[in-house]
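Engineer: Provided herewith is a single structure, encoded as structure tokens, for subsequent inquiry.
The values are calculated or read from the model by the stated rules, or taken from the named source; none is laboratory data. As the structure is a prediction and not an experimental result, all values here were calculated from the model. Virtual Cβ from ideal backbone geometry, glycine too; neighbours counted across all protein chains shown.
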């Protein structure tokens, strides 16, 4: 193999480069290394050591049992509130104009009656009121204009 004079390589580097190029252009595939292993030997039904009993002797503290029961109750309550909200929102989403009018008519009737009663009471009070003026009434209509400046005001005479 000849080396390019522009890129001089040592003999060892040239040999390694030639080997890598041969491996890259080789026609047979490179065998892949194994990444897993399955043991096919049969497993014995029981071993030489007898089984050891392992009794379950866990003790749950009273506070932990109380917290568990309370969390179940809170979860059930929140689920009930969620179902109730869902039902209310389902009902509100199916509102029609006829349904709104059917619900609003009684309230509109009560409001109209209350307005009529209030107007009648107001008129009854204003009709019975009499104004009695005592004393001398003086009416002054003369206006004295003492305009000085651009933003002046007119004063009423005394």
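Engineer: In this structure, is residue 88 modelled with pLDDT of 90 or more and not in a loop (DSSP other than H, G, I, E, B)?
Structural biologist: The answer is no for residue 88.
Engineer: I would also like to ask the following. Out of all the residues in the range 8-31, is one or more in a loop (DSSP other than H, G, I, E, B) and at pLDDT below 70?
Structural biologist: Pass one, the range 8-31, residues in a loop (DSSP other than H, G, I, E, B): 8-10, 25-31.
Checking which are at pLDDT below 70 leaves us with 8.
Scanning the range 8-31, I find at least one residue that is in a loop (DSSP other than H, G, I, E, B) and at pLDDT below 70, so the answer is yes.
Yes or no, residue by residue, for (1) assigned to a loop (DSSP other than H, G, I, E, B); (2) modelled with pLDDT under 85; (3) surrounded by 10 or more Cβ atoms within 10 Å (Cβ to Cβ):
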site	(1), (2), (3)
52	yes, yes, no
65	no, no, yes
111	no, no, yes
146	yes, yes, no
152	yes, yes, yes
